[in-house]
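A.B. asks: Next up is a structure, given as structure tokens.
The values are calculated or read from the model by the stated rules, or taken from the named source; none is laboratory data. Since we're looking at a predicted model, the values are computed, not measured. Because the Cβ atoms are built from the backbone with ideal geometry, glycine has one as well, and the counts that use them run over all protein chains shown.
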Amino acid sequence: MCDTGANKSPQWTRMMRAADFEASYKNMIRIKKKLQTYLPSALALFWFIAFICYCGENPNAGDVQMLFKPKWVKLLPPYLRPEKKQMNELEILRTRYDIPHDALALRIMSSPATTRKIQRQSYEYLRTQYPELSEKELLKKVLISRMMAPPSYGITEKEIDQAMENINSFDDLCKYIISFDEQEPAFPDPLGIGKRIDEILIQEELGEILGSDLQS
């Protein structure tokens with residue numbers, strides 16, 4: 001007898017949606033690893049050369065007209081692409097310092113602001129799938145989904161329970177996850193360009209938080 005999907009249980013549907021979300025996240029990791037292979041090993045040299053070449057602020061640097069999405073935007077998974085305002089600001093920054101498209105895309109994916117964005121998407125998704133969970137239980141589920149997804153940190157269930165003793169809000173959760181990400185080697189940033197990228201990206205999250213507060 002052919003299964004038309006009518007008899008599929010809500011649990012089965014939630015499992016399939018969770019699998020789709022996990023597959024999308026794994027695809028993002030694969031893209032990140034692929035981009036890393038194209039980055040020069042001596043990235044610090046690039047920033048130094050960019051500084052020498054760009055010895056003064058270009059007065060036309062802000063006049064960036066994007067008739068088409070830049071290449072770096074297309075390198076990002078759709079759910080990680082910034083809003084139009086942030087996209088324009090990032091493209092102005094990229095043009096000003098002649099940042100390679102793949103380097104900018106990788107820096108965006110490794111930004112703490114992007115980590116928070118991913119966790120917020122996971123939080124909102126799991127909240128709709130498990131409305132019966134308390135806030136603490138929901139935060140724990142988000143933490144488990146992150147720690148078990150690649151790149152896995154090999155954290156044990158006991159360590160997760162211990163971590164949850166100090167996680168009482170979404171901000172606490174993000175700080176804990178970001179602390180793991182910060183253990184990875186950071187790219188040299190003598191000009192503070194990476195910091196500026198983070199500042200631009202965080203504007204989007206602040207806008208989303210403000211919008212959700214106005215709706216509630």
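A.B. asks: Tell me, yes or no, whether the range 137-149 has at least one residue that is part of a loop (DSSP other than H, G, I, E, B), at pLDDT below 95 and surrounded by fewer than 15 Cβ atoms within 10 Å (Cβ to Cβ).
C.D. replies: Taking the range 137-149 and keeping what is part of a loop (DSSP other than H, G, I, E, B), we get 149.
Checking the rest, the ones that are also at pLDDT below 95 come to 149.
Cutting the leftovers down to surrounded by fewer than 15 Cβ atoms within 10 Å (Cβ to Cβ) gives us none.
Scanning the range 137-149 turns up no residue that is part of a loop (DSSP other than H, G, I, E, B), at pLDDT below 95 and surrounded by fewer than 15 Cβ atoms within 10 Å (Cβ to Cβ).
A.B. asks: Can you work out which of the residues in the range 150-193 that are among the charged types (D, E, K, R) and either on the phi > 0 side of the Ramachandran plot or surrounded by 13 or more Cβ atoms within 10 Å (Cβ to Cβ) (or both) is farthest from the chain's Cα centre (by Cα)?
C.D. replies: Applying the filter and picking the extreme gives Asp189.
A.B. asks: Same structure, new question: Pick from Gln215, Gln121, Gln183: which is in contact with a helix residue (DSSP H, G or I) (Cβ under 8 Å, 6 or more places away or on another chain) and at pLDDT below 95? Let's see the steps before the verdict.
C.D. replies: Numbers: Gln215 fails: in contact with a helix residue (DSSP H, G or I) (Cβ under 8 Å, 6 or more places away or on another chain); Gln183 fails: in contact with a helix residue (DSSP H, G or I) (Cβ under 8 Å, 6 or more places away or on another chain).
When all the criteria are applied, what remains is Gln121.
A.B. asks: Cβ contacts < 8 Å: first residue over 15 Å from Glu83 (Cβ atoms), restricted to the range 192-205; second residue of a type outside the set (Lys, Arg) and assigned to a helix (DSSP H, G or I), any location; separation 6+ or different chain. Result?
C.D. replies: Pairs found: Ile193/Trp47; Ile193/Leu93; Ile193/Tyr97; Arg196/Leu93; Asp198/Pro112; Asp198/Ala113.
A.B. asks: Given the structure, is Leu80 at pLDDT below 95 and of a type in the set (A, V, I, L, M)?
C.D. replies: Yes, satisfied.
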